[in-house]
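The values are calculated or read from the model by the stated rules, or taken from the named source; none is laboratory data. Computed from a predicted model, the values in this text were never measured in an experiment. Note: ideal-geometry Cβ built from the backbone for every residue, glycine included; neighbour counts use all protein chains shown. Heads up: the accessible areas ignore ligands, DNA and RNA and are worked out on the full protein's heavy atoms, side chains in. Shrake-Rupley method; radii C 1.70, N 1.55, O 1.52, S 1.80 Å.
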Amino acid sequence: MKLRFLGGAREVGRSALLVNDALLLDFGMLTADPPQFPVETPDPEAVVVSHGHLDHVGTIPALLSGTARPSIHWTPPTAELARTLARDTLKLHGGSYNCPFTEPDLKRVTQVSETHGYREPFEAAGHEITFYNAGHIPGSAHVLVDDGETRLLYTGDFHLDEQGDSSRDESGTDSRRDRSSDRVSPAGGQRLVSGTTARPDADVVVCESTYSDVEHEDRRVVEERFVESVETTLWDGGSVVVPAFAIGRTQELMLVCEAYDIPCYVDGMGKRVTEMLRRYPEYVRDPDAFRRAISHARFVTGQRKSGTLAGHVRRGPSRGQRKRIVDQKAAIITTSGMLSGGPAMTYIPEVRGNPANKIAMTGYQVEGTPGRDLLETGSAEIDGRVMPVSARVEQYDFSAHADRDGLLEYLESYRDSTVLVNHGDRCEAFAAELQGDGFDSSAPELGETVTV
């Protein structure tokens, strides 16, 4: 089996792996300024996509320019998320060098799309493919590729529930009740999706390593600290802005707010993503809890509807409406997660001057983003000018990636396999650490071809 690493090697972003010159796994974008794309645009027979985040799907429509029409295979949620992100990219960058595809390219995606569920083998470019739940976001998948001689496991991004949890019965249902709200709480993992349990046999594993040097704090402890902080701020008369990624993180925080009866608004792209995920209850951990979270939240629309996503919205919320929401003393979950755009640019100026307010960052902040600047300096560039922030700023680790312990636990099942480390800032170092522990491991370079 021949593997060519066109992106995501020794870096986080623009994941792209070409298998046997015929099958492409992911084709993403690195959200830098300007955006970066895979080092080569191949002409595959078929494309298989692990999940619907920009760094894995952001450049997919570019594969359909000209006469090329490869089939594209993904889970149903991933297919919809990919189109949502592509439309957003066209809206922001269409017609510029920052967007490598056009509206006609995007329309062709639907024509060649083929969706598959977990553990349902299918054929693509002469390979047998099987998806397994990766526990990262709804629809995320490990991809098992079998060419008849070699079995490759491409992990994509993944997350595990914490070890040693005895609250889940054999059906996967969490039997523990949350003491604060009498709601089902996660088994030491995310509320939105269950952690991966799949360990299919494989000769080669291409494994993500995003958090290979980080140990996440216990998820239940993080959640309790977040809830206590938000509740205290609201009791003291303040408001809380919660910048969050639209896919996964927004819905996770909605579930937390519902479980603890924290009033919350939801704004930005997360509204569209939530509406879409409602149609795929089989891809979330607890569909009933998700429905309750949707009913509990107040979605910011131009029609000012509360607690529903129903109806056709013909105009977006105004700046004045968002200013009024700040006075409601609630948690405001809004994009963007790194303060690089979106409705957060309206909310932050409204809350920044009052120390009674709070900004709760819930995801990793890339160096150079306003979110990172805010955490490190107490000020951030908003609307073209640097603004000091008197509101309290806090950071919470709600990561949907496996940490170092999770990566090692997962790879323990593959001691007899070749492990190729990718999707990380320290791929070489992690591969060397695995070698020291007896693994056959390495970290391919960007553009490198590896035969396994």
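In the chain, the portion of solvent-accessible area held by carbon and sulfur atoms comes to 44 percent [1.4 Å probe, whole percent, DNA, RNA and ligands not counted].
Using the average count of surrounding beta-carbon atoms within 10 Å as a protection proxy, the listed peptides 62-73, 38-49 rank, highest first, as 38-49, 62-73. Any chance you could give the angle, 0 to 90 degrees and rounded to 10, that helix 219-235 forms with the longest Cα principal axis of the chain? Here the helix axis deviates by roughly 20 degrees. Counted over segment 35-150, the DSSP beta bridges are approximately 60% antiparallel. Note on segment 374-452: dipole from Cβ charges, positive end direction compared against V393, L420, A443; the farthest Cα belongs to V393. Note on the chain: Kirkwood radius taken over Cα pairs, Stokes-Einstein applied at 4 °C and 1.567 mPa s, translational D equal to 58 µm² s⁻¹.
Using only the alpha-carbon atoms, how far is helix 76-93 inclined from the longest principal axis of the chain? Give it as 0 to 90 degrees, nearest 10. That works out to roughly 70 degrees. Computed with a 1.4 Å probe over protein heavy atoms only, the accessible surface of the chain comes to 40 Å² per residue. Pairs exceeding a 26 Å alpha-carbon distance, out of K107/K323; K271/K329; K2/K107: K107/K323; K2/K107. For segment 273-428, the fraction of C-alpha pairs farther apart than 24 angstrom is 51 percent.
For segment 402-419, 3J(HN,Hα) computed residue by residue from phi via the Karplus equation (6.51, -1.76, 1.60; θ = phi - 60°) reads 5, 8, 4, 4, x, 4, 5, 4, 5, 6, 4, 6, 10, 5, 8, 9, 7, 10 Hz, glycine and proline entered as x.
When each of the peptides 259-267, 212-220 is scored by how many other beta carbons lie within 10 Å of its residues on average, the order from highest to lowest is 259-267, 212-220.
Relative to the dominant Cα principal axis of the chain, helix 103-112 is inclined by about 60°.
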